[in-house]
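Asker: Below are the structure tokens for one structure; questions will follow.
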Amino acid sequence: LTCTRSDKGKLNFFIHTVKLKDTVMCYRVRWEEFVADTVVRQTMFWDEAHWYGGAEMAVQRWPIQLSGYQEPKPFVTSDVYSFRDSFGGIMERYWLSSNAAAIKINDSVPFHLGWNSTEKSLFFEARYNDSFYKPPLGQPPFPELSYRVCVGSDVTSIHKYMVRRYFNKPSKIPSESAFRYPIWSTWALYKTDIDQDKLVVFTENIKRYKFNCSHIEIDDMYSKAYGDYDFDPVKFPNATQMFKQMKEEGFKVTLWIHPFINYNSVNFGVGIERQLFIKEPTGKLPAMVQWWNGIGAILDFTNPSAREWFQNNLKRLRSKYSISSFKFDAGETSYLPKQFSTFRPLSDPSIFSRRYTEMAIQFYERAEVRVGYQSQNISCFFRIIDRDSVWGYELGLKSLIPTVLTISMLGYPFILPDIIGGNAYPNGTSGVEEKPDRELYIRWLELSAFMPSMQFSVPPWLYDKEVIEIAQKFTELRESLVAPLLLELAGEVTDTGDPIIRPIWWISPNDEIAHKIDSQFLIGDTLMVAPVLEIGKQERDVYIPAGKWRSYKGELFQKTPIHVTDYPVDLDEVAYFIWVS
């Protein structure tokens with residue numbers, strides 16, 4: 001650790017050692033300046049250790065791989081699909097190393113993060129000057145950089161200690177059906193062209209091809225304008241009757257929702273009259289924002305009146321149409337104006353994301369959110385940001401396991417790995433067709449079958465008979481093998497805070513090879529999954545950690561750890577291994 005010099009007068013600096021128990025030693029570090037708008041920067045060298053945690057990223061690697069040089073930038077939630085160089089929507093000020101060291105930055109710090117990959121270092125910086133952060137109300141802008149470094153006996157045990165010490169835990173468990181059956185979304189298939197006829201055909205095909213369904217998620221755009229909390233009568237002429245029939249047929253429905261009220265919405269005037277919006281710095285006018293669907297105001301979730309008004313609109317939708325829950329989209333600070341004011345001042349702008357996730361609490365059983373910051377006690381599914389229909393680490397298939405493992409380490413066990421095959425965006429799809437490449441789609445659905453939740457949108461029947469059969473095979477495998485284990489682990493989360501999806505090193509914390517594995521994962525301690533993630537491959541290398549393991553083919557591996565090369569995995573298979581006690 002190196003520190004900058006300070007020549008600006010008095011400062012407060014200390015390192016305090018706290019021995020908490022025989023296996024854990026912690027160090028409290030604090031540097032506080034007493035001159036306004038100064039900068040406190042410390043450099044942390046990661047040496048030969050592997051590091052995990054921090055934030056969802058557009059290019060997600062496990063362990064963390066940073067490239068180039070980055071001046072410290074605000075460590076706040078952002079939409080990494082639209083802003084690829086930013087930090088993501090699910091983040092915590094927490095990092096963990098393979099050398100059994102963990103770092104937790106204090107909540108009070110106006111925290112900025114940078115790095116230098118050449119010298120293998122991270123820059124921790126505290127500043128208010130030219131930043132999104134503001135000093136607490138009534139306090140001078142004196143920056144303070146404070147954090148804890150805790151060292152334990154191994155990477156797994158120190159992580160367990162940090163989670164129990166610093167993170168909240170979910171208090172409830174989402175709906176059992178969301179673990180057991182696929183979610184079906186209209187988004188990738190229909191985009192904003194969803195209407196009543198298309199929705200009816202979608203549900204009929206789910207039944208026709210004999211797939212189970214946790215719920216159907218109706219996405220953008222079912223209303224006349226963004227910010228209207230009702231169905232467009234042109235696109236959905238008989239919405240009440242349609243939802244009644246869907247309910248009779250056993251379909252539960254969730255709706256896409258967001259924090260924006262566009263200027264052409266019937267609710268824009270309501271928001272201005274009742275002062276429900278985030279305002280310009282003067283506090284007089286609503287702060288207009290540009291988002292991916294136009295221009296509008298953004299609801300101020302620090303304002304109890306705005307929270308109540310928003311919740312009442314959702315409850316009305318729920319009662320009028322028997323809506324089960326909602327997909328809470330957006331919520332990142334990247335959609336806040338550069339300068340703004342809120343009902344309750346925000347020293348840390350990411351607290352806005354936290355306040356937005358709280359809106360899901362009443363609908364937790366089938367709710368999904370895509371931002372998470374100090375939100376581990378929001379007992380719903382956290383969705384990773386939209387994926388492109390590509391193979392690689394930049395929002396592609398290979399990014400799924402690193403992203404899910406990262407979010408798991410940040411204390412979020414209920415993870416929705418977005419849509420099978422990616423979102424099929426025109427500029428984000430490999431191949432010439434508008435739908436995802438066939439092989440990519442198959443490998444994606446195979447991996448998703450082992451995740452805490454799986455979600456279809458581009459349906460298997462858009463391909464051929466073999467793809468339908470593979471999808472049926474893996475949804476059945478999920479019900480019989482995976483879901484019972486997921487539900488057992490979900491039941492333990494409220495007590496332990498341990499992740500459901502775990503890295504290989506979780507059970508082999510001192511195994512240096514396990515520290516680097518990014519294409520395998522564990523469900524609990526007993527089911528290891530090794531999907532094929534390479535185009536054109538029907539084999540893969542598999543690392544089998546210490547222990548006795550039986551493969552899905554029946555082979556017994558006792559002389560472990562062992563690196564198995566070119567292990568055969570057909571197109572309709574995922575390699576998985578069950579621990580034998």
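Asker: Among the residues of the stretch 60-103 satisfying the criterion of being within 21 Å of Trp506 (Cα to Cα) and among the small types (Gly, Ala, Ser), which is surrounded by the fewest Cβ atoms within 10 Å (Cβ to Cβ)?
Answerer: Ala101
Asker: While we're looking at this one, here's another question. Quick check, is Glu125 modelled with pLDDT of 95 or more and surrounded by 22 or more Cβ atoms within 10 Å (Cβ to Cβ)?
Answerer: Details: modelled with pLDDT of 95 or more: yes; surrounded by 22 or more Cβ atoms within 10 Å (Cβ to Cβ): yes.
Judged against the criteria, Glu125 is a match.
Asker: Looking for something of a type in the set (Gly, Ala, Ser) and open to solvent by less than 50 Å² (accessible area, probe 1.4 Å) - is there at least one such residue anywhere in the stretch 135-143?
Answerer: The answer is no; no qualifying residue exists.
Asker: When you look at Leu314, is it open to solvent by less than 20 Å² (accessible area, probe 1.4 Å) and not polar (S, T, N, Q), yes or no?
Answerer: Yes; evaluated as a whole, the condition is true for this residue.
Asker: Can I ask one more? Please list, ordered by first then second residue, the pairs with beta carbon atoms under 6 Å, 6 or more apart or interchain, first in the stretch 515-532 and without any contact (Cβ under 8 Å) to a residue 60 or more places away in the chain, second open to solvent by less than 10 Å² (accessible area, probe 1.4 Å) and assigned to a loop (DSSP other than H, G, I, E, B).
Answerer: Ala530/Gln520
Asker: May I pose another question? Since Ala575 meets every condition but one in (1) free of Cβ contacts under 8 Å to residues at least 12 places away in the same chain; (2) touching a Lys or Arg at 6+ places or on another chain (Cβ under 8 Å), which condition does it not meet?
Answerer: Here Ala575 meets the rest and fails (1).
Asker: Using the structure shown, decide if Gly114 is open to solvent by 10 Å² or more (accessible area, probe 1.4 Å) and among the small types (Gly, Ala, Ser).
Answerer: No.
Asker: To continue, here is another question. So if I check each of Ser408, Ser379, which one is surrounded by fewer than 24 Cβ atoms within 10 Å (Cβ to Cβ) and either charged (D, E, K, R) or in a loop (DSSP other than H, G, I, E, B) (or both)?
Answerer: Within the list Ser408, Ser379, the selection yields Ser379.
Asker: For residues that are assigned to a loop (DSSP other than H, G, I, E, B) and free of Cβ contacts under 8 Å to residues at least 60 places away in the same chain, tally how many sit in the stretch 21-37.
Answerer: Of the residues in that region, 1 qualify.
Asker: Here are the criteria: (1) at pLDDT below 95; (2) more than 27 Å from Leu199 (Cβ to Cβ). Tell me which single one Gln374 does not satisfy.
Answerer: Among (1) at pLDDT below 95; (2) more than 27 Å from Leu199 (Cβ to Cβ), Gln374 violates only (1).
Asker: Quick one: which strands (runs of 3 or more DSSP E) sit completely within the stretch 246-305 and have at least 1 residues that are more than 30 Å from Cys213 (Cβ to Cβ) and touching a residue at least 12 places away in the same chain (Cβ under 8 Å)?
Answerer: Result: 260-262, 289-291, 294-298.
Asker: Residue by residue through the stretch 341-369, note down the ones that are open to solvent by 10 Å² or more (accessible area, probe 1.4 Å) and over 17 Å from Ile173 (Cα atoms).
Answerer: Selection gives Ser341, Thr342, Phe343, Arg344, Pro345, Leu346, Ser347, Asp348, Ile351, Arg354, Arg355.
Asker: Still on this structure, please answer the following. In the stretch 276-303, what residues are open to solvent by 60 Å² or more (accessible area, probe 1.4 Å) and either small (Gly, Ala, Ser) or under 26 Å from the mean Cα position of the chain (by Cα) (or both)? Talk me through it step by step, then tell me what you get.
Answerer: At the first step, the residues of the stretch 276-303 found to be open to solvent by 60 Å² or more (accessible area, probe 1.4 Å) are 280-282, 284-285, 288, 290, 292, 295.
Once the filter is applied, which keeps residues that are open to solvent by 60 Å² or more (accessible area, probe 1.4 Å) and either small (Gly, Ala, Ser) or under 26 Å from the mean Cα position of the chain (by Cα) (or both), the stretch 276-303 yields Gln290, Trp292, Ile295.
Asker: Here is a follow-up. Residues being aromatic (Phe, Trp, Tyr) and not in a helix (DSSP H, G or I): count how many of those fall in the stretch 230-245.
Answerer: The number of residues fulfilling the criteria is 2.
Asker: Could you tell me how many of the residues in the stretch 429-472 are open to solvent by less than 10 Å² (accessible area, probe 1.4 Å), of a type in the set (A, V, I, L, M, F, W, C) and more than 21 Å from Val569 (Cα to Cα)?
Answerer: 3
Asker: Would you pick out the residues in the stretch 325-340 that are in contact with a His (Cβ under 6 Å, 6 or more places away or on another chain) and either open to solvent by 40 Å² or more (accessible area, probe 1.4 Å) or on the phi > 0 side of the Ramachandran plot (or both)?
Answerer: Ala330
Asker: Moving on to the next point. Inspect the stretch 221-228 for any residue being open to solvent by 80 Å² or more (accessible area, probe 1.4 Å) and at pLDDT 95 or above and give the result as yes or no.
Answerer: Yes, the stretch 221-228 contains a residue that is open to solvent by 80 Å² or more (accessible area, probe 1.4 Å) and at pLDDT 95 or above.
Asker: With the requirement that a residue be polar (S, T, N, Q) and either buried (at least 16 other Cβ atoms within 10 Å of the Cβ) or within 29 Å of the chain's Cα centre (by Cα) (or both), what does the stretch 21-53 give you?
Answerer: Thr38, Gln42, Thr43, listed by residue number.
The values are calculated or read from the model by the stated rules, or taken from the named source; none is laboratory data. Please read all numbers here as calculations on a predicted model, not as lab measurements. All Cβ positions, glycine included, derive from the backbone under ideal geometry; neighbour counts span all protein chains shown. Surface areas here come from the heavy atoms of the whole protein model, side chains and all, with no ligands, DNA or RNA. Shrake-Rupley method; radii C 1.70, N 1.55, O 1.52, S 1.80 Å.
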